[in-house]
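Each remark here refers to the structure printed beneath this line.
Please treat every number below as a calculation from the coordinates, not as lab data. Note that this is a predicted model, so its numbers are computed, not measured. All Cβ positions, even for glycine, are placed from backbone atoms using ideal geometry, and neighbour counts span all protein chains on display.
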């Protein structure tokens with residue numbers, strides 16, 4: 001479970017990083033050509049790509065196959081263990097890096113949640129006592145207002161001096177700005193961005209994207225207001241200048257942010273807004289492009305990530321013996337990745353099992369080894385397993401070619417009562433060499 005979670009976390013990190021880089025590269029160009037609303041829509045590329053990574057590919061989920069190759073016989077397990085472990089292993093403390101990685105991520109995510117919650121609380125406290133009813137509240141102080149506060153039922157927060165600070169037309173424009181945020185569900189999107197910052201706290205691009213996303217959000221909202229009031233550009237700019245902006249961030253909600261982005265917003269107000277047809281065409285193109293990219297990422301998932309059938313309980317000695325009589329080496333597990341080449345097949349997975357026939361000549365190497373009460377031996381550290389052809393077979397050369405090799409962070413080797421042994425590998429891979437007469441199923 002831990003390994004699977006970390007694997008998805010890495011995949012989502014890569015997907016979000018690439019999509020953020022693409023969005024940062026095109027957002028300004030899209031804004032110049034199609035307007036601020038289309039530029040804001042380019043951020044749909046990020047959730048679309050991440051969702052595509054999480055969705056299963058039917059080509060993989062619908063397939064269930066067994067992987068078996070015929071491997072010639074080799075010497076017995078007990079002899080291989082006694083010889084290889086005695087000469088190749090030394091005691092060393094083992095470290096489960098997956099637990100350390102998961103613990104580090106959890107600590108970072110928890111600290112990020114506390115940090116953003118502190119910012120949210122600081123902003124709410126700066127407003128003072130809120131009064132009013134329904135969707136509009138009046139703050140006790142003016143700094144940071146107007147704003148949109150909340151997620152599921154956001155409310156518009158107006159400053160205490162709203163009537164005296166703004167003219168009648170300015171009040172209409174400011175209120176229209178907040179209603180646009182409310183209508184578009186921007187507070188909910190900002191909550192999603194805050195969640196992204198907590199989950200991917202280790203990725204600096206996510207924090208940079210958060211700032212750029214909020215800027216594009218405000219520019220798109222400004223463009224919508226100017227689209228409804230095209231002759232009130234100067235009045236709207238005056239309302240911006242009258243607003244007391246603060247540097248206290250609002251992670252979940254919408255506010256007029258700090259004065260450092262005011263120049264960019266005023267510049268957008270000064271420029272001509274693209275025509276309605278161009279704005280609509282730009283947003284449609286961006287949404288379609290996001291869906292196409294997401295579908296491409298989903299469809300491009302490796303078809304070799306095959307789900308291999310695994311039995312719920314351990315096979316009996318008789319069934320295992322009959323199976324190994326036909327297939328001396330058998331691999332079983334779930335969520336395995338299969339890579340076939342001309343001369344070998346590589347199987348990679350978080351956890352899977354090898355069932356090997358009685359005649360085996362194997363060499364084991366690892367950082368540490370411990371013996372269990374059931375006769376099994378646990379190898380930890382950098383585990384290396386090599387299977388070679390037996391000398392007692394009629395072969396044309398004195399050499400012992402390697403026919404199977406495995407590497408993993410942990411391996412549990414258990415002798416079978418009917419001969420041979422069972423090896424459970426964690427975070428590893430197996431390379432099976434193809435020979436004449438090998439069989440696959």
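The figures follow:
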| item | result |
| --- | --- |
| Ranked packing of 158-166, 368-376, most packed first, by mean Cβ within 10 Å | 158-166, 368-376 |
| Gyration tensor verdict on the range 98-248 (Cα atoms; rounded if a/c is under 1.5, prolate if a/b is larger than b/c, oblate otherwise) | prolate |
| Cα→Cβ-extended label distance, 7 Å offset, between residue 9 and residue 126, nm | 3.2 nm |
| Linear extension gain, residue 211 paired with residue 235, 0.36 nm per residue minus alpha-carbon span | 6.0 nm |
| Calculated FRET value between residue 284 and residue 344, using beta carbons and R₀ = 41 Å, to 0.05 | 0.25 |
| Sorted peptide list for 99-108, 41-50, 112-121, 191-200, criterion being average Cβ within 10 angstrom, highest first | 41-50, 191-200, 112-121, 99-108 |
| Two-site FRET efficiency, residue 169 against residue 135, from Cβ-Cβ distance with R₀ of 22 Å, rounded to 0.05 | 0.55 |
